[in-house]
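S.K.: First the structure, then my questions, so here it is.
The values are calculated or read from the model by the stated rules, or taken from the named source; none is laboratory data. Just so you know, these numbers come straight off a predicted model, no measurement behind them. Heads up, the Cβs are rebuilt from the backbone with ideal geometry, glycines too, and the neighbour counts pull from every protein chain shown. Accessible surface is based on the protein model in full, side chains and every heavy atom, while ligands, DNA and RNA are left aside. Shrake-Rupley method; radii C 1.70, N 1.55, O 1.52, S 1.80 Å.
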Amino acid sequence: MALVNDHFLKLPNNYLFADIAKKVNAFKAMHPKTDVISLGIGDVTQPLAPAVIEAIHKAADEMATTQGFRGYGPEQGYDFLREAILKNDFLPRGIHLDKDEIFVNDGAKSDTGNIQELVRWDNSIGVTDPIYPVYIDSNVMIGRAGWKGEDGRWSNVMYLPCNAENGFVPKIPDRRVDVIYLCYPNNPTGTVITKAELRKWVNYALHNDTLIFYDAAYQAYIQDNDIPHSIYEIRGARKCAIEFHSYSKTAGFTGVRCGYTVVPKEVTAATLTGERISLNPLWNRRQCTKFNGTSYISQRAAEAIYTPEGKKQIKATINYYMQNAKKMLETLRSLGFECYGGENAPYIWAKTPEVSSSWKFFEEMLYGAHVVCTPGVGFGPAGEGYVRFTAFGSHEKTDEALDRIRQWLK
Ligand SMILES: *Cc1c(COP(=O)(O)O)cnc(C)c1O
């Protein structure tokens, strides 16, 4: 008899977006003629950059020839992409990494979920709250998170609430934790961290022997010059931090699939006898066993975003989304909403009006304005009383949604 991994049974059945889809579908069944606009799901909508499309065609043509055909590639990614990453994402910021410290992957979700395999099951973890659900759920699956309590919190997870009071930057904890997940610019709140604040985290990690898993999936949306794009802009971070990047939001690769993880050789974890083990060779070993590389075509597509044309084109699309964000912020604020984020990230985190829970507001807006948002509580207990709006729609749909919200609130 095979015994099930019963940690899976502790996970709530429904995934947030499935719950939302169910409620939206119920509305649509009752109002078949009404079209609903979603400012909810975090997927992009604009087509791939022409430079990327050209690279995909070219790579596909190469695959059609005996000389150009590629089978299994290096598990860590092709050199052409790893070198482009070093040269474009890190060197200009004064960060010197080795090619072997870059691991190309099929997107940041896989690696943010898998990275916890590198530490023992009985390590303690900490998260900012609200957060991207992958960090906690992947720890639940192997039994590291404990039990989910009535208050929606897992017993072995340290929660660092982020709210308007602390400007969505959590206080540095007064006790130590083995592993902490940070995500900036943040999904879902759209808020960012300054270098000074991030430096406090790196110092905390160095003093407490804490490992930082830093998700930089939205770094391309940063507009302010002094906001860090990478945790390695902070001195000492290469001793304590692993960083995740994704081309999904940067260049619309949610369907193409490509990203990368940085595991500096200096990052270590301890054995029970206190020996320090470098995590870089461990991650390499893990990837070589469980991952067979990202497709050649996807990697050539990713390489193309680092060409001069590619850079210009993806910047234009990011600007397009950020124009939505600007309009959304202006409109929602003018309607009396307290809003955060939206300036260096494609997300706006809005406080629901007095006494309205996340889900209640979600339903009221669905039925009243036919606009979908994401209930903040779906991202963690501290998200209660907030909703997330995304700027990933077309200009037309976004404008229409804002008009509807305005009419509804009249
Ligand atoms: C979208 C997103 C990712 C990237 O996911 P991919 O697997 O690369 O598509 C990673 N982290 C956060 C917080 C995200 O919102």
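S.K.: Among residues belonging to the range 79-103 that are of a type in the set (A, V, I, L, M) and assigned to a helix (DSSP H, G or I), point out the one that is surrounded by the fewest Cβ atoms within 10 Å (Cβ to Cβ).
M.R.: Leu91
S.K.: Are any residues in the range 345-357 crowded, with 22+ Cβ neighbours inside 10 Å and touching a Gly at 6+ places or on another chain (Cβ under 8 Å), and if so, which ones?
M.R.: Ala345, Pro346, Tyr347, Ile348, Trp349, Thr352
S.K.: If you don't mind, another one. Exactly one condition in (1) of a type in the set (A, V, I, L, M, F, W, C); (2) modelled with pLDDT under 95; (3) loosely packed, with under 15 Cβ neighbours inside 10 Å is not met by Leu16; state its number.
M.R.: (3)
S.K.: If you don't mind, there's one more thing I want to ask. Considering only residues that are buried (at least 19 other Cβ atoms within 10 Å of the Cβ) and free of Cβ contacts under 8 Å to residues at least 24 places away in the same chain, which ones fall in the range 302-332?
M.R.: Correct list: Leu329 only.
S.K.: Residue by residue through the range 190-239, note down the ones that are part of a loop (DSSP other than H, G, I, E, B) and open to solvent by 60 Å² or more (accessible area, probe 1.4 Å).
M.R.: Answer for the range 190-239, where residues must be part of a loop (DSSP other than H, G, I, E, B) and open to solvent by 60 Å² or more (accessible area, probe 1.4 Å): Thr194, Asp209, Gln223, Asp224, Asn225, Asp226, Arg235.
S.K.: For residues in the range 333-342 being crowded, with 16+ Cβ neighbours inside 10 Å and touching a Pro at 6+ places or on another chain (Cβ under 9 Å), which is nearest to Pro228 (Cα to Cα)?
M.R.: Gly341
S.K.: Check off (1) in contact with a Phe, Trp or Tyr (Cβ under 7 Å, 6 or more places away or on another chain); (2) not in a helix (DSSP H, G or I) for Gly68 and give me the number that stays unchecked.
M.R.: Going through the list (1) in contact with a Phe, Trp or Tyr (Cβ under 7 Å, 6 or more places away or on another chain); (2) not in a helix (DSSP H, G or I), Gly68 breaks only (1).
S.K.: Something else now. Within the range 147-162, restricting attention to residues that are surrounded by 15 or more Cβ atoms within 10 Å (Cβ to Cβ) and not hydrophobic (A, V, I, L, M, F, W, C), which residue is farthest from Leu16 (Cα to Cα)?
M.R.: So the residue we want is Asn156.
S.K.: Regarding Gln76, is this residue open to solvent by 40 Å² or more (accessible area, probe 1.4 Å) and either within 25 Å of the chain's Cα centre (by Cα) or more than 16 Å from the ligand (Cβ to nearest atom) (or both)?
M.R.: It is false that Gln76 is open to solvent by 40 Å² or more (accessible area, probe 1.4 Å) and either within 25 Å of the chain's Cα centre (by Cα) or more than 16 Å from the ligand (Cβ to nearest atom) (or both).
S.K.: Which number in (1) of a type in the set (A, V, I, L, M); (2) within 16 Å of the ligand (Cβ to nearest atom); (3) over 22 Å from Phe379 (Cβ atoms); (4) surrounded by fewer than 18 Cβ atoms within 10 Å (Cβ to Cβ) marks the one condition that Val52 misses?
M.R.: Every listed condition holds for Val52 apart from (4).
S.K.: If you don't mind, another one. I'd like the full set of residues that are part of a helix (DSSP H, G or I) and under 26 Å from Gly71 (Cβ atoms), limited to the range 288-321.
M.R.: Scanning the range 288-321 gives Cys288, Thr289, Lys290, Tyr296, Ile297, Ser298, Gln299, Arg300, Ala301, Ala302, Glu303, Ala304.
S.K.: Also: Residues of the range 274-287 being open to solvent by 70 Å² or more (accessible area, probe 1.4 Å) and assigned to a loop (DSSP other than H, G, I, E, B), which ones?
M.R.: Correct list: Glu275 only.
S.K.: Can you name the residue in the range 126-157 that is more than 25 Å from Ile193 (Cα to Cα) and part of a strand (DSSP E or B) and, of all such residues, is nearest to the ligand (Cβ to nearest atom)?
M.R.: Checking each candidate, the answer is Trp154.
S.K.: Within the range 240-273, track down each residue that is farther than 30 Å from Pro50 by Cβ and open to solvent by less than 20 Å² (accessible area, probe 1.4 Å).
M.R.: Within the range 240-273, Cys240, Ala241, Ile242, Val263, Pro264, Val267 qualify.
S.K.: Now for a different question. Could you tell me whether Pro264 is under 25 Å from Thr194 (Cα atoms) and either more than 16 Å from the ligand (Cβ to nearest atom) or basic (Lys, Arg) (or both)?
M.R.: So Pro264 passes the test.
S.K.: Tell me yes or no: at least one residue of the range 104-125 is away from the ligand (no atom under 11 Å from the Cβ), open to solvent by less than 30 Å² (accessible area, probe 1.4 Å) and charged (D, E, K, R).
M.R.: no
S.K.: Here's a check for you: in the range 159-186, which residue that is part of a loop (DSSP other than H, G, I, E, B) and free of Cβ contacts under 8 Å to residues at least 24 places away in the same chain is nearest to the ligand (Cβ to nearest atom)?
M.R.: Lys171
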